[in-house]
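Trainee: This is the structure I have questions about; it appears just below.
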Amino acid sequence: MADYSCLVVEDSPMMRQLLVFALARIKSIAVTEAEDGVDALRKLASASFDLIVTDINMPIMDGLKLVKRIRSDSAHKDVPIIIITTEGSTEDRQRAMALGANAYITKPIQAPQVIAKVRELLSL
Amino acid sequence: MNDDSEERNRRESDVPVDLSRERESFVRQFLKQGVELTENLLEENKALHSQLSELRQQNALLRAQVASDDAIRDLLRKIETLETERRTLLDRSTQLEETSKENQDRNVEIEQELHDLANLYIASSHLHSTLSVRGVMRHLCELLQQLVGAELFAIYLLRGEEAIAIGADGIELTALKSIPQGEGVVGEVMMTGVPRINDKPQPGGTLETPVASIPLMVRDTAVGVIAIATVFAQKPVWAAVDRELFKLLSSHAATALIAANLYAKEPGAATALDGLMDHLN
């Protein structure tokens, strides 16, 4: 039985698999996957999560819109959110953090960096 | 006269003299002296007792002090022993900290190696997970963008004597001209089958002078090239896994494309396996 649950929102199956693998290195985390922002909101409606990891560039609903929606929902407004994206500019980072993201990691990812950030946000 | 005196002397010597007064006086004197002596002895005894008592007290104090000194010496010895133990424990603790740090560093290395292996496994499994040509191309582009961090790249296929662009990201495919075999970096890699990778991906290049050119090999023949012009700005150096990914792409991408291309000509999986037994015999 995992102590923490994490929602991974990523439209690339390759990246999703890589993130799930990285998060599996933390024994106490159970991971749920979503393919885009809308899929993520469906999953959030039926379960609560201790952490959300999301891409920005996704079809249907992008990651920034998702972050904004999550932060406006009282049920999830305090859940830590990590953005993982190819967008590396300072402006993109500032925009994401202003919307309420807790961390911003650029691709290509290094799993140890993601794991360290997850441990930090969940105080593991 | 002499007769009188003689007579007196004779008379004195015949009559006993009364010495009782002398005797009493002597005895009184003797007793008095005896009392005095006794009193002196008693006084002396009393003084000696007092002195003895004092000496006994001093002795007890001295014994106590000696015992206390012994106790202090014991404590000092014990302190020294504990100090030695403390130094040993501190040394041991420092050693353990160093070992722990080494283990931590090794753990970080292992985690990185695991991550790199995961990259390679995921890249390979996705490349070969589909028999759709578009699917293979999509996975190839995704791999380059998401795992390598390629921002502008093109995938060329050798058709006759020219390399023709069949996929790209960061630029319109229609904007890409064909490259004669042997011409420029891409043409040379196509001809030699030898990859050309800059030491660092920054500063970026162009499709004519890419930062990485990777031949797509089928056995010993190059049938295509992946040319990476630029990578994302947040990638200042190649990761260790990048060169392994390039090797994987070089040896697997063309195979995946060929399999998908052949399968595209078949109506279904069953017929795609027709003739397999003949090849095995």
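Trainee: Quick check: anything in the stretch B:97-117 among the aliphatic types (A, V, I, L, M) and buried (at least 17 other Cβ atoms within 10 Å of the Cβ)?
Mentor: no
Trainee: Report, by residue number, each residue of the stretch A:94-120 that is more than 10 Å from chain B (Cβ to nearest Cβ) and under 20 Å from A:Lys68 (Cα atoms).
Mentor: A:Gln94, A:Arg95, A:Ala96, A:Met97, A:Ala98, A:Leu99, A:Gly100, A:Ala101, A:Asn102, A:Ala103, A:Tyr104
Trainee: Just to be sure before I move on: is A:Ile70 crowded, with 22+ Cβ neighbours inside 10 Å, more than 14 Å from chain B (Cβ to nearest Cβ) and more than 29 Å from B:Leu143 (Cβ to Cβ) in the structure I sent?
Mentor: It is true that A:Ile70 is crowded, with 22+ Cβ neighbours inside 10 Å, more than 14 Å from chain B (Cβ to nearest Cβ) and more than 29 Å from B:Leu143 (Cβ to Cβ).
Trainee: Out of all the residues in the stretch B:253-262, is one or more surrounded by 15 or more Cβ atoms within 10 Å (Cβ to Cβ), free of Cβ contacts under 8 Å to residues at least 40 places away in the same chain and within 14 Å of chain A (Cβ to nearest Cβ)?
Mentor: Checked the stretch B:253-262: no residue is surrounded by 15 or more Cβ atoms within 10 Å (Cβ to Cβ), free of Cβ contacts under 8 Å to residues at least 40 places away in the same chain and within 14 Å of chain A (Cβ to nearest Cβ).
Trainee: State which residue is surrounded by the most Cβ atoms within 10 Å (Cβ to Cβ) when the search covers only the stretch B:169-222 and only residues that are assigned to a strand (DSSP E or B) and free of Cβ contacts under 8 Å to residues at least 24 places away in the same chain. Working first, answer last.
Mentor: Let us first name the residues in the stretch B:169-222 that are assigned to a strand (DSSP E or B), namely B:169, B:179-180, B:196-197, B:212-218, B:221-222.
Filter again for free of Cβ contacts under 8 Å to residues at least 24 places away in the same chain, leaving B:179-180, B:196.
On the way: B:Ile179: 24, B:Pro180: 14, B:Arg196: 18.
Among those residues, the one meeting the criterion is B:Ile179.
Trainee: Looking at A:Ile84, is it in contact with a Ser or Thr (Cβ under 9 Å, 6 or more places away or on another chain), buried (at least 22 other Cβ atoms within 10 Å of the Cβ) and within 14 Å of chain B (Cβ to nearest Cβ)?
Mentor: Here the answer is yes, as A:Ile84 does meet what is asked.
Trainee: Report, by residue number, each residue of the stretch B:243-272 that is charged (D, E, K, R) and in contact with a strand residue (DSSP E or B) (Cβ under 8 Å, 6 or more places away or on another chain).
Mentor: B:Arg243, the sole residue that qualifies.
Trainee: Please indicate, with yes or no, whether at least one residue in the stretch A:84-104 is in contact with a Cys (Cβ under 9 Å, 6 or more places away or on another chain) and either within 19 Å of A:Glu33 (Cβ to Cβ) or among the aromatic types (Phe, Trp, Tyr) (or both).
Mentor: Within the stretch A:84-104, none of the residues are in contact with a Cys (Cβ under 9 Å, 6 or more places away or on another chain) and either within 19 Å of A:Glu33 (Cβ to Cβ) or among the aromatic types (Phe, Trp, Tyr) (or both).
Trainee: Here's another thing I want to ask about it. How many of the residues making up the stretch A:12-31 are surrounded by fewer than 16 Cβ atoms within 10 Å (Cβ to Cβ) and more than 14 Å from chain B (Cβ to nearest Cβ)?
Mentor: The number of residues fulfilling the criteria is 2.
Trainee: Name every residue in the stretch B:141-168 that is acidic (Asp, Glu) and in a loop (DSSP other than H, G, I, E, B), in order of residue number. Walk me through how you get there before you give the answer.
Mentor: Initial filter on the stretch B:141-168 (acidic (Asp, Glu)): B:142, B:151, B:161-162.
Result: B:Glu161, single match.
Trainee: Another one. Let me spell it out: the conditions are (1) over 39 Å from the mean Cα position of the chain (by Cα); (2) under 15 Å from B:Ile228 (Cα atoms), and B:Gly160 meets all of them except one. Which number is the exception?
Mentor: B:Gly160 satisfies all of (1) over 39 Å from the mean Cα position of the chain (by Cα); (2) under 15 Å from B:Ile228 (Cα atoms) except (2).
Trainee: Filtering the stretch A:1-11 down to residues that are outside any loop (DSSP other than H, G, I, E, B) and more than 18 Å from B:Glu142 (Cβ to Cβ), which residue is farthest from the other protein chains (Cβ to nearest Cβ)?
Mentor: Restricting to residues being outside any loop (DSSP other than H, G, I, E, B) and more than 18 Å from B:Glu142 (Cβ to Cβ), the top hit is A:Ser5.
Trainee: Oh, and also: For a quick check of your reading: which helices (runs of 4 or more DSSP H) sit entirely within the stretch A:12-124 and have at least 2 residues that are free of Cβ contacts under 8 Å to residues at least 12 places away in the same chain and of a type in the set (A, V, I, L, M)?
Mentor: A:13-24, A:90-99
Trainee: Can I ask one more? Are any residues in the stretch B:13-35 modelled with pLDDT under 85 and surrounded by 10 or more Cβ atoms within 10 Å (Cβ to Cβ), and if so, which ones?
Mentor: Answer for the stretch B:13-35, where residues must be modelled with pLDDT under 85 and surrounded by 10 or more Cβ atoms within 10 Å (Cβ to Cβ): just B:Leu19.
The values are calculated or read from the model by the stated rules, or taken from the named source; none is laboratory data. Quick caveat: nothing in here was measured; it's all calculated off a predicted structure. For neighbour counting, all protein chains shown are included, and Cβ atoms are generated from backbone atoms with ideal geometry for every residue, glycine included.
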